[in-house]
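Worksheet: one structure, shown below.
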Amino acid sequence: MLKLEPSIKKDLRATGRRMTRTRQAVLGLLQRTSQPISATEIFEQLHKENLSIDLVTVYRTVHVLKEIGF
């Protein structure tokens with residue numbers, strides 16, 4: 001399991017959201033990527049890692065992370 005910054009989980013809870021497995025996967029990919037990547041690239045990479053996720057979920061997750069200031 002990826003160790004996440006406690007502030008991210010706290011910020012999600014403060015907005016009434018949870019740290020789901022898909023949010024954790026997207027966040028983990030973003031944290032280990034050294035260059036900016038698109039939502040489509042996130043989607044494709046997570047599919048290569050055998051994570052079942054929809055593209056719209058990736059967009060929503062990126063939006064939520066942006067809202068909380070990640």
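The values are calculated or read from the model by the stated rules, or taken from the named source; none is laboratory data. Not measured: the values here are computed from a predicted model. Here the Cβ positions follow ideal geometry from the backbone for every residue, glycine too, while neighbour counts run over all protein chains shown. For accessibility, only protein heavy atoms count, side chains too; no ligands or nucleic acids. Shrake-Rupley method; radii C 1.70, N 1.55, O 1.52, S 1.80 Å.
Got a number for residues in the stretch 52-70 being on the phi > 0 side of the Ramachandran plot and surrounded by 11 or more Cβ atoms within 10 Å (Cβ to Cβ)?
0
Which one is nearest to H63 (Cα to Cα) among residues in the stretch 30-40 that are modelled with pLDDT of 95 or more and assigned to a helix (DSSP H, G or I)?
Of everything passing the filter in the stretch 30-40, A39 is nearest to H63 (Cα to Cα).
Out of the residues in the stretch 1-40 that are under 15 Å from G69 (Cα atoms) and hydroxyl-bearing (S, T, Y), which is most open to solvent (accessible area, probe 1.4 Å)?
T15
Of the residues that make up the stretch 41-51, is at least one assigned to a loop (DSSP other than H, G, I, E, B) and surrounded by 10 or more Cβ atoms within 10 Å (Cβ to Cβ)?
Among the residues of the stretch 41-51, at least one is assigned to a loop (DSSP other than H, G, I, E, B) and surrounded by 10 or more Cβ atoms within 10 Å (Cβ to Cβ), which makes the answer yes.
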